Amino acid sequence: AEALRLAQATPCALWLIDAHLPDASGIELLQRLRAQAPAAVALAHTAEPSPALHARLRDAGFRAVLTKPIAMAAL
């Protein structure tokens, strides 16, 4: 909910979104953010190494999925 509020107040060119949020999934958040800024780049991050989850995230519009812990080189 806070991410949506902040996105309305401050345009962003890049979103780094956790796949598992306390009040929604990262996919749900991305879908709602896309209504505000369809061209912003979205990256997902998660501690879950599941290839199926990573594929679902990419299919939902995330450009890449970073697995936590995230090394500086990966960023």
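Every number here is computed from the coordinates shown, using simple stated rules; none is lab data. As the structure is a prediction and not an experimental result, all values here were calculated from the model. Cβ: placed from backbone, ideal geometry, glycine included. Neighbour counts: every protein chain shown.
Please turn the phi angles of the range 23-31 into ³J(HN,Hα) values with the Karplus equation 6.51 cos²θ - 1.76 cosθ + 1.60 (θ = phi - 60°), one per residue in order, whole Hz, x for glycine and proline.
With coefficients 6.51, -1.76 and 1.60, one gets 10, 5, 8, x, 5, 4, 4, 4, 4 Hz.
If amide H atoms are built 1.01 Å from N in the plane of the peptide, which residues on other chains or at least 5 residues away come under 5 Å of the amide H of Asp18?
His45
Quick one: which residues, 5 or more positions from Ala42 or on another chain, have an amide H under 5 Å from its amide H? H modelled 1.01 Å from N in the peptide plane, none for Pro or chain starts.
Trp15, Arg63
Of the beta bridges DSSP finds with both residues in the chain, what % are antiparallel, to the nearest 5?
10
Among Leu14, Ala1, Gly26, which residue has its Cα furthest toward the positive end of the charge dipole of the chain, with +1 on Lys/Arg Cβ and -1 on Asp/Glu Cβ?
Highest projection toward the positive end goes to Leu14.
Ser25 to Ala39: extension gain in nm, 0.36 nm per residue of separation minus the Cα-Cα distance?
Values: separation 14, 0.36 × 14 = 5.04 nm, distance 2.02 nm.
Stretched out fully, the Ser25 to Ala39 stretch lengthens by 3.0 nm.
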